[in-house]
Amino acid sequence: MQVLSRQRGVSLIEVLMAVLIFSVGLIGLAGLMVMAARSNHAAYQRTQMTFLANNMADRMRANPLGIWSGSYDSAAFPITGTTDCETTACTPADVAKRDQQTWSGLLTTLLPKATASIKCASKDSLSYSGLNTDQLNRRPPYGGNCAMTISWGERGAGDNTHSDTAMQTFAWEFQP
């Protein structure tokens, strides 16, 4: 009569299967980490876009005469150039130009492939056409809406290729 003995230890096949299962799990975790990093970066870019939109709205609120005169309107952000308001007195239009240039620098620094546009309703379309220069210099509230659009490039969360980025667009109507 033959007595069956208990197997002691682990066979090589069992060890290889355990290593294979563990490796598949690690590969899945690595893919998850890449996806999380890309999603985190997309959220960071959207936070920067929100900061930029509010930054320009605050700049516009500080210069209502620039808004009245249409000095903030542009469909071609980012813009270049410099306006010196530190050594010479600036008009509201100069302040608006400096704000646009500063904001354009932030736009190109914080968002990839960024473009923007701002368009505000004119005083004539708001039934304020009767205001004279003296009344405008008293800084009345603007009372109209402005439309801001910001576009930037963003890689998709599942995009493993280094192809072109998808353009994201933020459109906002606000009252400065």
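The values are calculated or read from the model by the stated rules, or taken from the named source; none is laboratory data. Bear in mind the structure is a predicted one, so any value in this text is a computation, not a measurement. Reconstructed Cβ throughout: ideal geometry from the backbone, glycine too, with neighbour counts over all protein chains shown.
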Item to check | Selected residue (only one of G130, G105, G81 is modelled with pLDDT of 90 or more and not polar (S, T, N, Q)) | outcome: G105
Item to check | Residue identified as in a loop (DSSP other than H, G, I, E, B), in contact with a helix residue (DSSP H, G or I) (Cβ under 8 Å, 6 or more places away or on another chain) and among the small types (G, A, S) among G81, G66, G70 | outcome: G81
Next on the checklist: Can you tell me how many residues within region 23-48 are among the charged types (D, E, K, R) and more than 11 Å from the chain's Cα centre (by Cα)?
Outcome noted: 1
Checklist entry - Quick check, is R138 touching a Ser or Thr at 6+ places or on another chain (Cβ under 8 Å) and either surrounded by fewer than 15 Cβ atoms within 10 Å (Cβ to Cβ) or at pLDDT below 80 (or both)? => result no
